[in-house]
Amino acid sequence: MSEDGKQLVLSARAELITVLDPYYRGIDADVSLPHWITVRPLASTSPGGPHIADLAGGRGSLIFTFTRRHADPQITVTDTFWA
């Protein structure tokens with residue numbers, strides 16, 4: 001992966017871990033994210049499961065899961081793609 005892609009993935013992960021609702025429920029749930037990230041469930045039948053974050057207008061993506069912890073929430077990236 002290019003250095004630009006790596007930096008964008010790391011930036012996206014940092015944004016995802018600090019968002020108020022990591023499950024992105026509702027119509028404008030990802031409004032607090034930067035304009036270059038859009039998030040949706042990987043499968044519509046599992047809204048609490050893995051999600052996909054499209055980066056830079058579809059130039060890249062990452063699949064992640066969110067583990068709710070009281071003191072330290074965790075985003076686990078399971079797959080990345082950069083074109």
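The values are calculated or read from the model by the stated rules, or taken from the named source; none is laboratory data. The structure displayed is predicted, hence computed values, not measured ones. All Cβ positions, even for glycine, are placed from backbone atoms using ideal geometry, and neighbour counts span all protein chains on display. Only protein heavy atoms, including side chains, enter the accessible area calculation; ligands, DNA and RNA are left aside. Shrake-Rupley method; radii C 1.70, N 1.55, O 1.52, S 1.80 Å.
Before moving on, here are some points about what is shown:
A quick yes/no check of all residues on (1) at pLDDT 85 or above; (2) β-branched (V, I, T); (3) in contact with a helix residue (DSSP H, G or I) (Cβ under 8 Å, 6 or more places away or on another chain):
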residue	(1), (2), (3)
D4	no, no, no
I17	no, yes, no
Y24	no, no, no
L33	no, no, yes
P41	no, no, no
A53	yes, no, yes
F64	yes, no, yes
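- Only one of the numbered conditions (1) modelled with pLDDT under 85; (2) under 24 Å from K6 (Cβ atoms); (3) open to solvent by 70 Å² or more (accessible area, probe 1.4 Å) is not met by T78, and that is (1).
- Filter pass, D72 being open to solvent by 50 Å² or more (accessible area, probe 1.4 Å), modelled with pLDDT of 85 or more and of a type outside the set (G, A, S): no
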